[in-house]
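Reviewing the structure listed below.
The values are calculated or read from the model by the stated rules, or taken from the named source; none is laboratory data. On a predicted model such as this, the values are computed, not experimentally measured, just so you know. Reconstructed Cβ throughout: ideal geometry from the backbone, glycine too, with neighbour counts over all protein chains shown.
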Amino acid sequence: MSGFSRRGFIGLGAGAASIALAGCTGAGSAAPTAASSAAASVDGKGKTLRYLTYADTTALPLVQSVAAKFDAQYGCTTTIEDLPGSGAAVYPDKLRTELLGGTGPDVWRIWGGSLGSPFAKAKQALDLAPYYAKYGWDSKINPASIAAFTFNGVKAGVPFQTNGIGGWYNKSLFTKAGITAPPTSYAEVEADNDKLVAAGITPVGLGGKFGWDIMRLFEYLLEHTAGPDLHDKLLVGSSSWNIPEVVAAFTLFKKWQDKKWLPNGALGLDPADIEPAYVQGKTAYTITGPWTETSAIQAAKVDEAGFGVFALPTDKTPMRHSGTSEALMVNAKSPNVDLAAAFVDFFVSIPSQKEMQNSSSCVDGAGPDPAKYPLSAEWAKGPGKDPFYTIQDQAFPKLQADGYFAIQSEVLQGTTTPEAAAKKMQDTVIAPWVKS
């Protein structure tokens, strides 16, 4: 994606919201554990590690500070190369070029789905199964997040953060429209949208510029019409897209625009402008992740008690939401793989996650502090425990994602029917990455 992409936003906005998405971990637990004993066996004296990340300028000083603590404990030197705001359009390509040239980092931060999987497929990322056993990561990290970085049975990454996508809403506008509680069924979502429009309020703030923001609505509708099993098959190309369930999702997608549940001219709106509109009182809610608590609500210096978060109801079992995970990978050709794995373990310890103020941590016991991030904590204790499907612009490689975004736009513009869109999606998805 060009310009300011959703993935770029996660590298920026979520980095600011979680403050330290790329942070290293801290000083370890007070009581000795098997993992700490394993770490103690690693000798880093005189060695150098290179860590590649995309932390924003707010997070970077914290990354550097905690890396220094790691170095002090292990006697090594960790250098950090940061590409803030580079997003999916730049960062993976730079990493890939370095690895192919033999100069890649020892450890790198990466998104899941189609962005992280190529490094596992090419065996550039180390199979971390032995280190999972050594450090006990399976018992410390959300299993769904680990699954997001397990490719063909290979545990290629150690996740530290999962961002679940849900509804973030303005309570006063819901009240004005006569809505007493968030919806618990899809029918209630539609009914609430009608109530909001009748009260002169635009229901959901989403923008079509770059494609990824308004995509969150379509993927939610597809989860509702197709259900979990079929949705997953669609994402990996093991089911045809030219089916009634996809047509139904596109039909609902167009309905949301036709009934004015989306902002006027939504396709041309920049997500950076329209997403925080629910905080400004211009829309009732948006579909986004926990980073909005700091980037929109706290940044506006308003009372957080006036806002809430809810899972978008799908009427399906299990109840799932869209999600994106980020993890650390270790270079399979690093001369210091044991030290690199110790760095990863240091990174995902509870004290370090808390120190880095990662409000989207998937490390057990390192969730958001309710005193600092009450809404993120509410999400983490409730919908955040539900399983998630891979957010669609990470499920698809860039070429397919760009084609998908174009089809979305055509449907909303009325130049492509839902039936034709389903056929076009099949042609877009069936590409070499699926056939191979």
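In the set (1) surrounded by fewer than 22 Cβ atoms within 10 Å (Cβ to Cβ); (2) on the phi > 0 side of the Ramachandran plot, the condition left unmet by residue 183 is number (2).
Check 57, 103, 97 and return the single one that is surrounded by fewer than 21 Cβ atoms within 10 Å (Cβ to Cβ) and closer than 23 Å to residue 338 by Cβ. So that I can check it myself, show each step before the final result.
On the way: 57 fails: closer than 23 Å to residue 338 by Cβ; 97 fails: closer than 23 Å to residue 338 by Cβ.
Checking each option against the conditions leaves just 103.
The residue list 282, 233, 259, 209 contains one member that is closer than 17 Å to residue 186 by Cβ and either in the same structural domain as residue 183 (by TED's automatic domain parsing) or in contact with an Asp or Glu (Cβ under 8 Å, 6 or more places away or on another chain) (or both), which is 259.
So in the stretch 294-332, with the set limited to residues that are in a loop (DSSP other than H, G, I, E, B) and hydroxyl-bearing (Ser, Thr, Tyr), which one is nearest to the chain's Cα centre (by Cα)? Checked the stretch 294-332; the qualifying residue nearest to the chain's Cα centre (by Cα) is 314.
Listed by position, the helices (runs of 4 or more DSSP H) contained in the stretch 47-165 that have at least 3 residues being farther than 30 Å from residue 381 by Cβ and in the same structural domain as residue 357 (by TED's automatic domain parsing) are 60-74, 87-100, 113-121, 129-135. So for the stretch 178-195 (the condition being touching an Asp or Glu at 6+ places or on another chain (Cβ under 6 Å) and without any contact (Cβ under 8 Å) to a residue 60 or more places away in the chain), does at least one residue qualify? Within the stretch 178-195, one or more residues are touching an Asp or Glu at 6+ places or on another chain (Cβ under 6 Å) and without any contact (Cβ under 8 Å) to a residue 60 or more places away in the chain.
Here's the yes/no breakdown for (1) at pLDDT 95 or above; (2) more than 25 Å from residue 116 (Cβ to Cβ):
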residue	(1), (2)
301	yes, yes
308	yes, yes
314	yes, yes
328	yes, no
337	yes, no
343	yes, no
351	no, yes
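When the criteria are applied in full, residue 352 fails the requirement of being within 21 Å of residue 322 (Cα to Cα) and assigned by TED's automatic domain parsing to the domain that holds residue 125.
Any idea how many residues of the stretch 267-293 are part of a helix (DSSP H, G or I), under 16 Å from the mean Cα position of the chain (by Cα) and either β-branched (Val, Ile, Thr) or at pLDDT 95 or above (or both)?
Quick first cut of the stretch 267-293, residues part of a helix (DSSP H, G or I) only: 267-268, 271-274, 277-280, 292-293.
Restricting the remaining residues to those that are under 16 Å from the mean Cα position of the chain (by Cα) gives 271, 292-293.
Checking which are either β-branched (Val, Ile, Thr) or at pLDDT 95 or above (or both) leaves us with 292.
Summing the residues that are part of a helix (DSSP H, G or I), under 16 Å from the mean Cα position of the chain (by Cα) and either β-branched (Val, Ile, Thr) or at pLDDT 95 or above (or both) in the stretch 267-293 gives 1.
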